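Heads up, the thing below is written out as structure tokens.
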Amino acid sequence: AEVVIVKDADEGGALGAAVVARLVRQTPAAVLGLATGSTPLTMYRHLAVQLAGADLGQVRGFALDEYVGLPTGHPESYRAVIDREVVVPLGLDAGRIAVPNGKIETAEHAGRDYEAAIAAAGGVDLQILGIGTDGHIGFNEPGSSLASLTRVKTLAPQTRADNARFFESIDDVPMHCITQGIGTILRARHLVLLAFGASKAHALAAAVEGAVSSSVPASAIALHPHVTVIVDEAAAAELV
Ligand code: F6R
């Protein structure tokens, strides 16, 4: 992977946005893989500025993951987050931006349907990734198969604790999610992994410098030929 160390999340967001903006200018019908969580927010903000005035009506997008069982329209559902943080600020066509279906009744089939939709779109051109403090990508927790496809998973206790900040209490964080698999992520043509802050330093070092192992799902990026890692100084602290 190409590792770029920047000062902070703002500079990293600007750089990540420049990579995405270049793709979208060259390929107006680009297919983006979209991460949620805190990490990509500076990137989405910079992207809205860098692409202001551009016609993004052909851009397609696929979110990485969704909680299972939140009511439709819940503000912390990833459908709502993607609409609020990405679709509206960038002026994308919401109908072209897919998020896995987290309805309990249909979650069982949603993985297969989502894989089919990604394939029908021609695959993901550029996948934006964050990294969990436990080394997850998407919601592929440690132990996930490196060949996994989109499916329902149980969130690790650490991830539920990490994400409790978005909910009233940890008890409100869903137990399950539907996530693109590591195999799904590896099919994207370019991976852009962002990591900001000291809490990511350990997982980031294991991902970038450790052995490829399902115990550190993000280490799977070593299997991909085109990866850009954008990391701030705090998250780079444990790189040798
Ligand atoms: C989000 C996702 C997760 C996050 C990770 C880091 O769609 O798939 O892997 O990227 O949990 O979360 P933040 O950015 O909130 O630290």
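Any read-out appearing in this document is the output of simple, stated calculations on the displayed coordinates, not a laboratory observation. Remember, predicted model here, so these are calculated numbers, not experimental data. Backbone-built Cβ (ideal geometry, glycine too); neighbour counts: all protein chains shown.
Quick notes
- Counting beta carbons within 10 Å around each of K200, K103, K7, K153 and listing the fewest first gives the order K7, K103, K153, K200.
- Net +/- balance of residues flanking D232 in space, Cβ distance below 15 Å, scoring K and R +1, D and E -1: -3
- Spin-label model, D113/A237: points 7 Å from Cα along the beta carbon direction are separated by 4.4 nm.
- Segment 43-176 shape via C-alpha gyration tensor axes, a/c threshold 1.5: prolate
- GluC sites (Glu not before Pro) lying in DSSP loop within segment 138-240, provided at most 13 other Cβ fall within 10 Å: E168
- Environment charge of T184, counting only residues whose C-beta is closer than 12 Å and scoring Lys/Arg +1, Asp/Glu -1: +1
- Total formal charge among the other residues, if their Cβ is under 13 angstrom from that of L204, Lys/Arg +1 and Asp/Glu -1: -4
- Using the alpha carbons alone, the radius of gyration of the chain stands to its Kirkwood radius in an Rg to Rh ratio of 0.93.
- A compact globular protein would have a Cα radius of gyration near 2.2 N^0.38 Å; the ratio found for segment 17-118 is 1.08.
- The lysines within cross-link reach of K7, meaning a Cα-to-Cα straight distance under 25 Å and a gap of 8 or more places when in the same chain, are K200.
- Aspartates and glutamates whose Cα lies under 15 Å from that of K103, excluding same-chain neighbours fewer than 8 positions away: D65, E66, E76, D113
- Enclosed volume per residue, in Å³, of the convex hull spanned by Cα atoms of segment 116-240: 104 Å³
- In terms of its Cα atoms, segment 152-223 spans 37, 29, 20 Å along the principal axes, sorted from long to short.
- Rule-of-thumb Rg ratio for segment 106-187 [Cα; 2.2 N^0.38 Å; N residues]: 1.14
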